[in-house]
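The values are calculated or read from the model by the stated rules, or taken from the named source; none is laboratory data. What you see is a predicted model; the values in this text were computed from it and never measured. We place every Cβ from the backbone using ideal geometry, glycine too, and count neighbours over all the protein chains shown.
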């Protein structure tokens, strides 16, 4: 605890809701970057965007157990609060860091009433039962607690961004601001889960990205996109010995399967050595 309090000069740490309410009360132009830790350059890009558009920026670090459909996944999720705080402090662009405990977020023990519509049970929602219900639940609660003017979220988790915008738009005046995916030098989308990958797995991920770029380019010339993607999915599986949850072209406005590249993105989710990665182009 002493370490946490001692590390901050300009950046204030908020360890509970009482401190948060008192600290944030004077500010009505607040930018919010919700995270589960494992802070990387992708998170820093969200913070930079918040700095440009808002007077104050708050980052939360909370590993939400309700959005994990797999207990092993929750247990192995990267956690290093000291390292995260050092990175945030070094950026000199974060005014507040909110480190809530489970009871701060879920103080009322009422069961969440959030359920996904059948049309939304696609992509990651199809393979991670209960995941987005947990995400939407915690984002509702965090938004209610923090009361930000804007929330900054990355496009790497495009389905999450889409669902959060739709959910929060019904209840709050808060604007959800999409931010471009940040990639490493090999063009692998930055993710906290990348910390779980060894060097050989990262090399495979880089090769998969290149292949996805080629697939996206060639889609334009295909009459039957579905058949083309099914073939490419099998090729990826065989060539890189990976498990693929989906490889689909979908419209960015409604996430419906698309038959054209206009207003569309190519979405992929795959597993390398039991680590699940997602991307979209």
Selection from the range 62-85 of residues surrounded by fewer than 13 Cβ atoms within 10 Å (Cβ to Cβ) and modelled with pLDDT of 90 or more yields 82
Can you confirm whether the range 40-52 contains a residue that is surrounded by 14 or more Cβ atoms within 10 Å (Cβ to Cβ), over 25 Å from residue 176 (Cβ atoms) and in the same structural domain as residue 17 (by TED's automatic domain parsing)? no
Would you mind stating whether residue 226 is closer than 20 Å to residue 64 by Cβ and either outside the structural domain of residue 28 (by TED's automatic domain parsing) or buried (at least 19 other Cβ atoms within 10 Å of the Cβ) (or both)? no
Single match in 156, 141 (criterion: out of contact with any helix residue (DSSP H, G or I) (no Cβ under 6 Å at 6 or more places or on another chain), surrounded by 18 or more Cβ atoms within 10 Å (Cβ to Cβ) and closer than 25 Å to residue 62 by Cβ): 156
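So which residues in the range 86-97 are in a loop (DSSP other than H, G, I, E, B) and surrounded by 13 or more Cβ atoms within 10 Å (Cβ to Cβ), if there are any at all?
If the condition is that a residue be in a loop (DSSP other than H, G, I, E, B) and surrounded by 13 or more Cβ atoms within 10 Å (Cβ to Cβ), then 93, 94, 95 are the ones that fit.
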Filter the range 242-262 for residues that are in contact with a strand residue (DSSP E or B) (Cβ under 9 Å, 6 or more places away or on another chain), at pLDDT 95 or above and assigned to a loop (DSSP other than H, G, I, E, B); the one that is surrounded by the fewest Cβ atoms within 10 Å (Cβ to Cβ) is 256
Residue by residue through the range 98-115, note down the ones that are under 18 Å from the mean Cα position of the chain (by Cα) and either surrounded by fewer than 18 Cβ atoms within 10 Å (Cβ to Cβ) or part of a strand (DSSP E or B) (or both). 98
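Checking the conditions here, which among 208, 212 is assigned by TED's automatic domain parsing to the domain that holds residue 265, in a helix (DSSP H, G or I), within 22 Å of the chain's Cα centre (by Cα) and more than 15 Å from residue 275 (Cα to Cα)? Break it down into steps so the answer makes sense when it comes.
Values: 208 fails: more than 15 Å from residue 275 (Cα to Cα).
Exactly one of 208, 212 is assigned by TED's automatic domain parsing to the domain that holds residue 265, in a helix (DSSP H, G or I), within 22 Å of the chain's Cα centre (by Cα) and more than 15 Å from residue 275 (Cα to Cα), namely 212.
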